[in-house]
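These notes concern the structure reproduced below.
The values are calculated or read from the model by the stated rules, or taken from the named source; none is laboratory data. Not measured: the values here are computed from a predicted model. Counting neighbours? That spans all protein chains shown, and the Cβs are built from the backbone with ideal geometry, glycine included.
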Amino acid sequence: MCASKNTVMRTALNGILTTAQVVATCFMAWKALSLWAGTPYPVMIVTTESMVPAFAPGDILLISNHHQNVHIGDLPVCWLPDRAFPMVHRVLRVSYEEQSNPDLTQLILTKGDNNLIDDTLLYPDGQDYLLRSQIIGFVRGYIPFVGWFVIVLQDFTRLREVTATLCRAIGLTH
């Protein structure tokens, strides 16, 4: 009887340690990829149609942050204050604080390929341009459609939450 308890305990501990090892390996792989790419977010999933036809919802974007100057046509990833998600739009115009010295702060105007107007209204109040410091990376490539799996999982979670809330509201559950 005691031997079977030890076997059960060892099996349980083995499962826990294996799970911890998988989680730690995934975490270390993500951190290694982040260091290699030079950004804390080396992979992102497109969730809107603002960049169609370049990128569609469900595309996975590969991000790195290894060059300093921004050029017209680049695809920066910007994470602005008070925004839940980053924004990926094409650079429409690049200006400098002083035209005579290109080493000064770049003023960057972006626009989604599928949008009618530039992104000025999306920037923080009183800001007409993005700054290089607000860019966390640049799109270097993409994998089409693979991100739909994550989008569907998120939508399923939202659907489950809405259903649970409705059930509580009409008194079907506690």
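Being assigned to a strand (DSSP E or B), surrounded by 14 or more Cβ atoms within 10 Å (Cβ to Cβ) and under 19 Å from the mean Cα position of the chain (by Cα): is that true of Met44 here? The answer is yes for Met44. Just one of the listed residues (Asn69, Asn114) is outside any helix (DSSP H, G or I) and over 24 Å from Ser34 (Cα atoms), and it is Asn114.
Tell me, yes or no, whether the stretch 75-95 has at least one residue that is more than 16 Å from Ile143 (Cβ to Cβ), loosely packed, with under 11 Cβ neighbours inside 10 Å and modelled with pLDDT of 95 or more. No, every residue in the stretch 75-95 fails to be more than 16 Å from Ile143 (Cβ to Cβ), loosely packed, with under 11 Cβ neighbours inside 10 Å and modelled with pLDDT of 95 or more.
In the set (1) farther than 20 Å from Gln134 by Cβ; (2) under 12 Å from the mean Cα position of the chain (by Cα), Met87 fails one condition alone, (1). Considering each residue of the stretch 115-138 in turn, at least one proves to be at pLDDT 95 or above, farther than 15 Å from Cys78 by Cα and surrounded by 12 or more Cβ atoms within 10 Å (Cβ to Cβ). If we keep just the residues of the stretch 140-172 that are outside any helix (DSSP H, G or I), among the β-branched types (Val, Ile, Thr) and surrounded by 11 or more Cβ atoms within 10 Å (Cβ to Cβ), which is modelled with the lowest pLDDT? This residue is Val146. Within the stretch 61-82, residues that are on the phi < 0 side of the Ramachandran plot sit with their Cβ atoms under 6 Å from residues that are among the polar types (S, T, N, Q) and crowded, with 16+ Cβ neighbours inside 10 Å, at 6+ positions apart or across chains, in these pairs: Ile63/Thr39; Asn65/Thr39; Val70/Gln106; Cys78/Gln134. Condition test on Ser64, is it surrounded by fewer than 16 Cβ atoms within 10 Å (Cβ to Cβ) and touching a Phe, Trp or Tyr at 6+ places or on another chain (Cβ under 9 Å)? No, not satisfied.
Residue check: Val52 meets all listed conditions (1) part of a helix (DSSP H, G or I); (2) within 16 Å of Gly147 (Cβ to Cβ) but one, namely (1). Taking the criterion of being among the small types (Gly, Ala, Ser) and either modelled with pLDDT under 95 or under 20 Å from Gly147 (Cβ atoms) (or both), the only residue of the stretch 59-74 that qualifies is Ser64. Figure legend. Inter-residue proximity from the stretch 8-34: first residues in a helix (DSSP H, G or I), second residues of a type outside the set (S, T, N, Q), beta-carbon distance below 6 Å, spacing 6+ or different chains. Indicated pairs: Leu33/Pro42; Ser34/Pro40; Ser34/Pro42.
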